[in-house]
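See structure below.
What follows draws every value from the coordinates through simple rules; no lab data is involved. Computed from a prediction, not measured in an experiment: that's the story for all the values here. As a convention, Cβ positions derive from the backbone with ideal geometry for all residues, glycine included, and neighbour counts pool all protein chains shown.
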Amino acid sequence: MSPVDVDAVGLEPLQACIIGPRTLVQLESNLAATKVALSPGQVARLDEVSATPRSYPYTVLDDPRIKDIITGGMDARIDAPVKPVA
């Protein structure tokens, strides 16, 4: 199973993985990945090893002093996503 196939495994409902196979073998491999089921522990481990560290601009925007400047001191009143979308 290729990394692309692993990425397609365990997607939440209503999520999609865009594939671009160039050969029939690649297409069959991608489609076979839809039949694989990962345990929550396996998904957590994949998430852990593939996580990327936060980088600029988030390292700057996470600074409480910068948040205070950007939000005019209203940061605590703003509903922000718990998990960043990017």
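Were the residues from Asp62 through Val36 laid out at 0.36 nm apart, the gain over their Cα-Cα distance would be 5.6 nm.
Summarising the label geometry, the points placed 7 Å from Cα in the beta-carbon direction at Ala44 and Glu28 lie 3.7 nm from one another. Anisotropy class assigned to region 32-73 is prolate, per the alpha carbon gyration tensor with a/c at or over the 1.5 cut-off and a/b larger than b/c.
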